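Below you'll find the structure, written out as structure tokens, and then a few comments.
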Amino acid sequence: MDFCRGMFCPFCGKHMNSLTRFCFTCGRCLEFLKDANQTETQGSSRHPDSARPSEQTEQPCPSYKQFMEYRSSKSKERQSFNYGPKGRSKPKERKHVQINVGLMVPHETNGADLKPLRGKTLPLFTDPEVAAPDLLKQAVQKMRTFNKDMHEGPYILLYPDCSEVVHVPGSEKPFKLADYKKEIGKAYCRITFFICLEKHYKRVDTSDSDSDSEIVITTRSRAEFNRADTLVFEPQNRSTPKLKLEDERDAPGHSSTIQPGQIVISDAEDLDPPETNPVKTSCYSKYTDLYSPNVEQEDEELVAVNVKNFQHTAMEETDITLPDIIANLSLPIDHKRVSRFNISRANVWDGAVRGFKRTTYSETCDMLVKFTDDTGFLEEGIDTGGPRREFLTLLMKHLKDRPIFDGPEGHRFLVYNANAVREDEYYLAGKMIAVSVVHGGPGPHFLSKDLVHYLAGQPSFKAPINVITDEEIGKALQEIENAASLGALHECMMRHSTMLQTAGCLRHVATVEEKKEIVSDYLQWYIIDRNSSVIDRFREGLSTLEFLTALQQHPTLLAPALCHSEKQLTAFDLEILFKPDLSPSGSNRRLKESQTMGYWADYLLDCEEGQAAVSVEDVLMFATGLSSLPPSGLEPLPQIEFLDDSAFPMANTCSNSLKLPLLDSYTLFKSQMDFGIQNSPGFGCF
């Protein structure tokens with residue numbers, strides 16, 4: 001007789017048609033199930049006296065019933081989880097974009113004008129679909145977080161032309177950040193809005209009630225904004241601009257009353273296009289402004305979270321990467337137009353100066369670089385990236401030895417040179433650096449950190465004495481720094497009083513600890529202040545392609561591209577950078593390729609340890625035209641291919657591909673790699 005139908009082994013889960021003493025799969029004893037099955041059958045029967053034996057034996061066994069209940073409960077538990085987009089918070093945070101917000105204040109000399117307050121521009125991270133009222137609240141909250149001297153509001157949001165943010169310019173659509181970005185055609189990180197106290201904006205935009213000779217007009221959107229201010233809950237003085245605009249626009253000779261700094265629009269501009277349902281557009285915006293406090297509480301919570309997340313980076317966005325910044329800076333480049341450069345490797349600087357000073361040159365065009373060989377012939381092929389990267393690498397190496405720089409290796413700073421000033425070399429050097437980084441080349445990697453921090457607007461200055469190459473000045477500063485007593489410090493300062501007086505550092509000292517301030521002040525004068533005129537010209541060159549603006553907004557990310565880095569390129573960096581293109585697994589060629597990849601890894605280690613004829617940087621230069629990884633990243637990604645018909649390595653710097661020979665021994669592989677890289681021309685092709 002069967003005691004269980006549809007039976008499962010409780011140990012291994014094997015299905016059985018009938019209950020046996022032992023499981024045929026795992027061999028475990030199952031006799032205990034017979035007693036459990038009979039107990040459950042008797043307890044579950046409502047009429048045991050009338051039940052048939054066959055009905056009792058067909059009840060499901062406890063193990064099977066428990067299994068089904070367990071499976072049902074786990075299924076319900078899985079279905080209760082929320083795997084949809086609503087349960088994810090981080091992707092929503094990544095959706096935020098960076099814009100910039102600044103502060104507008106009245107002009108000192110002319111209170112009727114507004115001007116941006118320098119040094120108050122901050123990045124703001126917000127949603128692309130944000131509307132004007134919410135953006136205003138977030139901007140005010142951001143400003144108050146980083147500026148404790150902010151006045152109490154109310155504030156208004158302005159475009160860079162001092163018009164209020166109400167509609168998307170050129171349309172009647174209510175403002176949305178994404179729509180504005182689409183119309184203006186700029187990257188989010190290059191968009192800047194301003195906030196201004198409403199009382200300052202009224203003073204600029206509204207004329208006095210007792211004077212009818214002054215015309216103050218901003219934009220058509222502002223005029224439409226004022227025309228709607230006739231609701232009963234609005235202040236009476238808000239309707240004044242509308243009345244003055246209508247009265248004085250029809251008055252003859254009104255242009256004679258225009259004051260400097262005021263903006264006047266023509267009759268045709270003011271009347272075209274005609275106003276369409278102003279009550280529906282402007283009045284509704286006033287209605288939403290009236291009930292804005294509830295929205296403000298929610299947005300302040302959101303902004304407070306963002307400020308906390310980005311507080312430790314001093315206004316820098318943590319999610320953005322260096323390649324992202326360079327990609328945004330390269331957006332204005334027109335890849336359908338080129339600026340030509342004819343370069344001889346024997347005199348890179350001369351060819352570079354001719355190319356950058358050519359009247360047809362534009363930094364917004366692609367660079368077409370052609371190298372001349374020793375006999376004067378042009379190398380064949382079109383520049384699709386490799387020659388440009390090699391040229392920019394050679395240019396950065398040559399630039400650090402120009403007479404406009406002084407200081408030890410890796411810590412160079414600008415110095416005044418009369419001939420370089422006449423040739424405008426400082427502006428040219430800054431422009432070359434900006435173009436190199438944005439166009440996919442390397443950074444200089446030799447500038448002093450103090451110079452870069454000064455250019456980025458950071459106050460830190462910690463230059464050591466050894467950056468001064470003048471031995472007498474360095475010795476004098478070392479004596480001042482080593483003074484052990486106040487008397488010794490006085491005596492040392494008097495001995496070098498002429499030097500200190502020239503820098504404005506000669507003063508009375510009351511304690512010996514003041515010697516550090518004297519040395520620091522002199523170093524700042526020596527590196528920054530005395531060369532301020534040429535530094536300003538260099539800064540103008542760095543402003544090319546908005547590179548200086550990006551450096552000031554993201555100094556932590558961009559400064560390492562300009563300064564010397566202690567971290568050197570390693571064999572492991574190249575090993576993970578180059579991805580091999582291998583044959584199908586199991587083939588005879590795949591075996592040779594795998595063996596060659598082992599040779600390649602060992603060869604990189606020998607290059608790093610100085611056991612090869614070339615360095616790791618030489619290998620990267622051979623394959624890509626770069627001796628270091630560029631800030632923009634490598635595009636396309638480097639790859640390794642294999643050669644059957646050559647015993648020497650080959651490379652295509654335009655596609656960043658390195659071709660390795662398939663050889664039988666590592667000794668032969670190493671010698672052929674050394675010979676091929678050392679004797680290759682600029683493109684890395686042997």
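Miscellaneous remarks
- Within segment 598-640, the set of residues being modelled with pLDDT of 90 or more and either acidic (D, E) or at positive phi (or both) comprises D602, D606, E608, E609, G610, E617, D618.
- Filtering segment 651-670 to residues that are of a type outside the set (K, R), out of contact with any Gly (no Cβ under 6 Å at 6 or more places or on another chain) and in a strand (DSSP E or B) leaves N652, S657, L658, L660, P661.
- Among the residues of this structure, S615 counts as one that is without any contact (Cβ under 8 Å) to a residue 24 or more places away in the chain and buried (at least 16 other Cβ atoms within 10 Å of the Cβ).
- Summed over segment 336-356, residues that are under 19 Å from F547 (Cβ atoms) and loosely packed, with under 15 Cβ neighbours inside 10 Å total 0.
- Residue within segment 634-650 that is more than 33 Å from the chain's Cα centre (by Cα) and either within 30 Å of F446 (Cα to Cα) or in a helix (DSSP H, G or I) (or both) present: no
- Filtered by the rule that a residue be of a type in the set (D, E, K, R) and either surrounded by fewer than 17 Cβ atoms within 10 Å (Cβ to Cβ) or at pLDDT 95 or above (or both), segment 519-536 gives D529, R530, D536.
- Considering the conditions (1) over 19 Å from F547 (Cα atoms); (2) modelled with pLDDT of 85 or more, L329 is excluded by exactly one of them, (1).
- The requirement of being in contact with a helix residue (DSSP H, G or I) (Cβ under 8 Å, 6 or more places away or on another chain) and of a type outside the set (D, E) is not satisfied by T498.
- Subset of segment 137-170 that is assigned to a helix (DSSP H, G or I) and under 18 Å from K115 (Cα atoms) - its residue that is most open to solvent (accessible area, probe 1.4 Å): V140
- For D573: the one exception among (1) assigned to a loop (DSSP other than H, G, I, E, B); (2) under 26 Å from F446 (Cβ atoms); (3) within 25 Å of the chain's Cα centre (by Cα): (1)
- Restricting segment 332-373 to residues that are outside any strand (DSSP E or B) and of a type in the set (S, T, N, Q) leaves a set whose member that is modelled with the lowest pLDDT is N347.
- Positions within segment 102-158 being touching a Gly at 6+ places or on another chain (Cβ under 8 Å) and closer than 26 Å to I325 by Cβ, in sequence order: P116, L117, G119, K120, T121, L122
- Considering A571, A550, the condition of being modelled with pLDDT of 90 or more, within 30 Å of V616 (Cα to Cα) and buried (at least 17 other Cβ atoms within 10 Å of the Cβ) is satisfied by A571 alone.
- Flag for F622 being open to solvent by less than 60 Å² (accessible area, probe 1.4 Å), assigned to a helix (DSSP H, G or I), in contact with a strand residue (DSSP E or B) (Cβ under 6 Å, 6 or more places away or on another chain) and among the aromatic types (F, W, Y): yes
- For the residues G625, G586, G598, the requirement of being within 21 Å of K397 (Cα to Cα) and not acidic (D, E) singles out G625.
- Residue count, segment 642-665 (criterion: surrounded by fewer than 16 Cβ atoms within 10 Å (Cβ to Cβ) and closer than 15 Å to Q595 by Cα): 4
- Criterion: in contact with an Asp or Glu (Cβ under 9 Å, 6 or more places away or on another chain) and surrounded by 22 or more Cβ atoms within 10 Å (Cβ to Cβ) - qualifying residue of R402, R412: R412
- Restricting segment 469-504 to residues that are of a type in the set (S, T, Y) and open to solvent by less than 70 Å² (accessible area, probe 1.4 Å) leaves a set whose member that is farthest from H411 (Cα to Cα) is S485.
- Residue among E593, E608 that alone is charged (D, E, K, R), buried (at least 16 other Cβ atoms within 10 Å of the Cβ) and under 30 Å from G407 (Cα atoms): E608
- Any hit, segment 188-207, residues being at pLDDT 70 or above, assigned to a strand (DSSP E or B), within 21 Å of the chain's Cα centre (by Cα) and surrounded by fewer than 18 Cβ atoms within 10 Å (Cβ to Cβ): yes
The values are calculated or read from the model by the stated rules, or taken from the named source; none is laboratory data. Small disclaimer: the values here were computed from a predicted structure and weren't measured. Neighbour counts are summed over all protein chains in view; Cβ atoms, including those assigned to glycine, are modelled from backbone coordinates with ideal geometry. The accessibility values were calculated without ligands, DNA or RNA, using every heavy atom of the protein model including side chains. Shrake-Rupley method; radii C 1.70, N 1.55, O 1.52, S 1.80 Å.
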